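Peer 1: Next up is a structure, given as structure tokens.
The values are calculated or read from the model by the stated rules, or taken from the named source; none is laboratory data. Computed from a predicted model, the values in this text were never measured in an experiment. Please note: Cβ atoms are built from the backbone with ideal geometry, for glycine as well, and neighbour counts cover all protein chains shown. When the accessible area is computed, the model is the full protein with side chains, heavy atoms only, and any ligands, DNA or RNA have been set aside. Shrake-Rupley method; radii C 1.70, N 1.55, O 1.52, S 1.80 Å.
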Amino acid sequence: MTRFWRRILFSGKISHPVLPRSVPEASCSNKEAPPHTRFSPSLIGLVVFFLLATPSLAQDVQTSALENSSTQENAATGNPPARVARISYLKGNVSFLRAGLDQWSQATINFPATTGDRIYTDKGARAELEVGPYTVRLSESTDLTITNLDDKTMQLGLAQGTVRVSVYQLPSDNIVELDTPNGALTVVAPGKYRIDTDPDNNRTRASVNSGSLEVGGADVPQNVAAGQAVELIGQDPVVADSTDMPPPDAFDRWCEERDHHLASSVSAQYVNPSTPGYDDLDAYGSWQEVVDYGPVWFPAGVAVGWVPYRFGHWAWIDPWGWTWIEDEPWGFCTFHFGRWVFIGSVWGWLPGPLLVAPVYAPAFVAFLGGPGFDIGIGVGLVGWFPLGPGEPFFPWYHFGGEYLRVVNITNIRNVTNITNITNITNINNVHYAYRDIATTAVPKDVFSRGDPVANHAVRLSSQQLAKAQITPHPPVNPARTAVMPGKPVPKPPVRPVHFAAAPRAQNLFRAGPGGNRLPVPPVARNAPPSGGAEHTPPRAVPPPRVAGTRPPGAPPPPMLYRNPPPPPAVPFAVRRPVMVEHPGRPLEPVQVEALRAARPVGPMVDHEFPPHVAPVIRETPTPPPPAARPPRVR
């Protein structure tokens, strides 16, 4: 084992406290729900620095165990993003297109969306995406692309329809950009924004309910302040006119209700509000104060014998690879952040530090496998179990630099009595608290297809469990069904999407319908809206003008951006053949770039931990079915 891995290992010898079977209710459980917790950027920055730089905290297990991560042998570039977009609400017919695929599918609740994914709402449908400190809501007949989503950027492309974006926090180094066929819009302050795009009439309207918005390209953007609206017409040049704020409609009122639901969540007292899905915990369980752990959330109404990571299925989502998709409606927050803990006879969920936004992970589990872990000749198994508090998460995808340390310390809290060990040579000697009581296993083909786990779970004997060994990842590549978010559906009525740099907006804020030019005072980034109130005066919407109407049959205009988007995803059909060399592990960034440039793809170079217990066997590609013979002519 390399010196690096000896340095970063946690101790698995955890002393879990013996707790009474009856856990008292938290003293705050009957209090009135507090407002949505928000923290100033300076406070968050101070806390983040304190947690990540000081190894003597209660979480010193994570920091000390992962010290000297600068010696990481994996390339420090190309780390996966800390944020994803959770599909948190669906109504009606909503279609979803994964990046790198050409087949649309039915959108599903709790599916993680990321860069390059596209969502379409049919007539009468709605959808909602939760993205860290932002929420994006789609009205009917809306075509939205997640152009770029990473730790500092949320860039969206609105080809048609209506979205409302609520920005609860906006750190100074973050970018929230909405690209449309008529111009790029950049959020410069926390607030609420509505964008309506009508490609047939070649115009986009941006309404600022609260906050401040910049309109234009990268040269001289112009501000649109709270209570103002602007209409963008054309492409080159883009003509921007001041216009009246539209009166609130049913979609606006629904968005306000959803924001109020977040703001009044009791769980915001215990979970960092940038954690997608925390508000769903209120209706599906309760918080209790537990000695040695602090606040713990206990789900209500789960079946007898329920264990984490058993009711759902595995999906393949690049760049993380195998990702748990839970059946529980409340499960996104609890299966991708924090840790589960078994107390008495029930499972509870322990969130990470309250003042630090956690890093998303595809699942906090350890995998089991190895020779002899099977249920018969040729029927191999894949097993896994939840990680307990303080137990290290080792990603099965590419990472480098500080990622390993940060993904652990932002998802664990209140952990003590763990010793840093530097000479461990066998991961199977580490004691995992829940390996014997919460392991789930399915046949490899079930895992590969992304089939429902609970329907195919194998009851393991003590001998089988003892024979299983900790592995870095399942040596199983995904079938196409494991890549699809839901059932295949026909392509919705969407136009091809392409991008171009936004030109400078011309004649910005010339006289509007009322004849008065709207003043645009400068707004400091992260400054609260003036007076703290929203401005939605019930003014009449100006009648549409025909100047921007596109001629029939004209090709769709490009999406105009201010910040260049990343290149399109390499199609899954191109990635998949390369994965036969190392089944079950996503391609590394250098391999993906080689595919994009049509260069030969080299072997994997990352150091995996824990190591494979047996040589990785190259996948044998399934031959295509023989072509049907033409009928014999007589």
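Peer 1: Every residue in the stretch 575-610 that is exposed (fewer than 15 other Cβ atoms within 10 Å of the Cβ) and either β-branched (Val, Ile, Thr) or in contact (Cβ under 8 Å) with a residue 12 or more places away in the chain (or both), please.
Peer 2: Selection gives PRO577, VAL580, ARG596, GLY602, PRO603, VAL605, HIS607.
Peer 1: For the stretch 284-298, enumerate the residues that are farther than 16 Å from SER265 by Cα, open to solvent by 30 Å² or more (accessible area, probe 1.4 Å) and either modelled with pLDDT of 95 or more or of a type in the set (A, V, I, L, M) (or both).
Peer 2: Across the stretch 284-298, the qualifying residues are GLU289, VAL291.
Peer 1: Next question. The conditions are (1) open to solvent by 10 Å² or more (accessible area, probe 1.4 Å); (2) in contact with a Pro (Cβ under 7 Å, 6 or more places away or on another chain), and GLY401 fails exactly one of them. Which is it?
Peer 2: Condition (2) is where GLY401 drops out.
Peer 1: Go through the stretch 178-196 and report how many residues are farther than 19 Å from SER274 by Cβ and open to solvent by less than 10 Å² (accessible area, probe 1.4 Å).
Peer 2: Adding up the residues that qualify gives 9.
Peer 1: Same structure, new question: Considering only the stretch 455-475, state which residues are surrounded by fewer than 16 Cβ atoms within 10 Å (Cβ to Cβ) and either in contact with a Gly (Cβ under 8 Å, 6 or more places away or on another chain) or charged (D, E, K, R) (or both).
Peer 2: ARG459, LYS467
Peer 1: May I ask you to say which residue of PRO564, PRO543, PRO519, PRO571 is open to solvent by 50 Å² or more (accessible area, probe 1.4 Å), closer than 30 Å to ALA206 by Cβ, at pLDDT 50 or above and not acidic (Asp, Glu)?
Peer 2: PRO564
Peer 1: For the stretch 115-127, state whether one or more residues are touching a Gly at 6+ places or on another chain (Cβ under 6 Å), in contact (Cβ under 8 Å) with a residue 60 or more places away in the chain and assigned to a strand (DSSP E or B).
Peer 2: No, the stretch 115-127 contains no residue that is touching a Gly at 6+ places or on another chain (Cβ under 6 Å), in contact (Cβ under 8 Å) with a residue 60 or more places away in the chain and assigned to a strand (DSSP E or B).
Peer 1: Looking for whichever is within 25 Å of ALA357 (Cβ to Cβ) and at pLDDT 95 or above here; the options are VAL307, VAL271. Which one fits?
Peer 2: One residue alone meets the criteria, VAL271.
Peer 1: Let me ask another. If I ask for residues that are at pLDDT 95 or above and on the phi > 0 side of the Ramachandran plot, which ones from the stretch 196-248 would you list?
Peer 2: GLY211, GLY227
Peer 1: Could I ask something else about it? Considering the stretch 404-429 alone, what residues qualify as being open to solvent by 20 Å² or more (accessible area, probe 1.4 Å) and modelled with pLDDT of 60 or more?
Peer 2: The answer is ARG405, VAL406, ARG413, ASN414, ASN426, ASN428, ASN429.
Peer 1: Could you tell me which numbered condition THR135 fails, if it satisfies all but one of (1) open to solvent by 10 Å² or more (accessible area, probe 1.4 Å); (2) in contact (Cβ under 8 Å) with a residue 40 or more places away in the chain; (3) of a type outside the set (Lys, Arg)?
Peer 2: Only one criterion is unmet by THR135, namely (1).
Peer 1: Now a separate question. Please work out which residue is modelled with the lowest pLDDT, limiting yourself to the stretch 70-84 and to residues that are more than 14 Å from TRP320 (Cβ to Cβ) and surrounded by 17 or more Cβ atoms within 10 Å (Cβ to Cβ).
Peer 2: GLN72
Peer 1: Keeping to the stretch 338-368, report how many residues are in contact with a Gly (Cβ under 7 Å, 6 or more places away or on another chain), open to solvent by 10 Å² or more (accessible area, probe 1.4 Å) and either closer than 26 Å to SER461 by Cα or not small (Gly, Ala, Ser) (or both).
Peer 2: Number satisfying all stated conditions: 1.
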